[in-house]
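Here the structure is laid out as C-alpha cells; the discussion comes afterwards.
The values are calculated or read from the model by the stated rules, or taken from the named source; none is laboratory data. Keep in mind the model is a prediction, meaning the values are calculated, not measured. For neighbour counting, all protein chains shown are included, and Cβ atoms are generated from backbone atoms with ideal geometry for every residue, glycine included.
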Amino acid sequence: MSDPAARRDPRDGMPGLAPPRPLPLKDRSSIIFIEYGQIDVIDGAFVVIDANGVRTQIPVGGFVCLMLEPGTRLSHAAAALAARAGTLIVFVGEAGVRLYSTGQPGGARADRLLYQARLALDDELRLNVVRKMFEMRFKESAPDRRSVEQLRGVEGARVKRIYELLAHQHGVNWRRRDYDPSNWDVSDVPNRCVSAATACLHGLAEAAVLAAGYAPAIGFLHTGKPLSFVYDVADLFKFETVVPVAFEIAGKAAKGRLHDEPTRAVRRACRDSFRRANLLERLIPAIEEALAAGGIDKPAPPEDAVGPAFTDGEQSGDAGHRG
C-alpha cells in the first residue's frame, strides 16, 4: 500500500500530486452541472460520489466552471483542488440562480485592479469603455453626446425589443422580464429559461474576469453589485449565445415538443451554443478590448509581481495537453 505522505504536495500539504500548469480558458470545456452527490478528492482525483456509492471522476482542470445544484456537498480538499486548478465553483439553486461562489481561477492582480479602478472612477474614461461595450454588443457605434445613464436607457429599450422579437419568432407568450430569485416557482417558463441561460453565461464570464486578473465588482455599465463587471462582460455575448437558446427551448415547451425539463434543456443547449460561438477563446480578448477603449496604458506590474495564472506559453504536447 502506498504511503499517503508520498502523495502530498510538499508546497502546501494538500493531498495528491502537485497540480500541472493550468490550461488556458480557451482550451477547456465550459460548464458541468453536479447534483445530489458528495464531491471529494480521492487519491489526488476530483471525484463525485452519489447516494449509491458510485464514484465519477471529473477532470476538474479541464473545465471553466462547476455549477453545484441542490443536494451537493463539497469537501474542503475538493474546493482547494478546484482553486489550484483554476476552476470556478458556483453554488446555484434549482433555478440556476447564483447563491455563492468560491475558488478564484487566477485571482486578481494589483496592476490590473489599479487599471480597472482608474477607468471606472474617471467619468470620461468610463464613458469611453461603455461606448465600446455598446459597439461590441450591437455592432454599431453608440449614439453621440450620451451619458452612461442615457446609454443604459438606450440599451434597455433595445434589449426589451430583442426579447419581444425572439418571443414572436419562437411563438412564446412573453410579457416582460420578470422573476423572483427567492421564489422560482412564480416565474413563467420563458423567464425560467432566460434565467437558467444567463446563469450559465455569468459563470463563464466570472471565471474569465478572475482569470484575467480583474475584479468582478468594478463595473462600468452595471454598478453597485458584487458581479457588476461580470454582467458587463456577459452582456457582450448574451444575445449572440444564450438568450436565443432560452427562447427556442421555451417555444418548444409551449408547443409541447420538449421532452425534458425546460431549464435542464436550456443548460445543455447553452453548452452547445458556447462551443459554436467559440466563446471561451473570445472572452478574455473581449475584456481587454473593451478596457483598452478607455485610452490609457496599463500600469507596469511591479518587478516582484506574481505572473498571470493562465498563459499561452509553449506546450509539450498537442493543443489541450497539460504540461
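Restricting attention to the stretch 219-250, the residues that are in a loop (DSSP other than H, G, I, E, B) and either closer than 16 Å to Lys132 by Cβ or outside the structural domain of Leu279 (by TED's automatic domain parsing) (or both) total 6. Of the helices (runs of 4 or more DSSP H) lying entirely inside the stretch 51-168, those containing at least 1 residues that are modelled with pLDDT of 95 or more and assigned by TED's automatic domain parsing to the domain that holds Pro190 span 110-121, 123-138.
For Ala290, the conditions (1) modelled with pLDDT of 95 or more; (2) of a type in the set (Gly, Ala, Ser); (3) surrounded by fewer than 19 Cβ atoms within 10 Å (Cβ to Cβ) are fulfilled apart from (3).
Surrounded by 14 or more Cβ atoms within 10 Å (Cβ to Cβ) and more than 26 Å from Leu279 (Cβ to Cβ), is that true of Asp40? Answer is yes for this residue. Looking only at residues in the stretch 188-218 that are modelled with pLDDT of 90 or more and in a loop (DSSP other than H, G, I, E, B), the one that is nearest to the chain's Cα centre (by Cα) is Pro216.
Restricting attention to the stretch 226-273 and to residues that are out of contact with any Cys (no Cβ under 8 Å at 6 or more places or on another chain) and among the β-branched types (Val, Ile, Thr), the residue that is surrounded by the fewest Cβ atoms within 10 Å (Cβ to Cβ) turns out to be Val243.
Is one or more of the residues making up the stretch 1-21 out of contact with any helix residue (DSSP H, G or I) (no Cβ under 8 Å at 6 or more places or on another chain), at pLDDT 80 or above and closer than 30 Å to Tyr231 by Cα? No, the conditions are met nowhere in the stretch 1-21.
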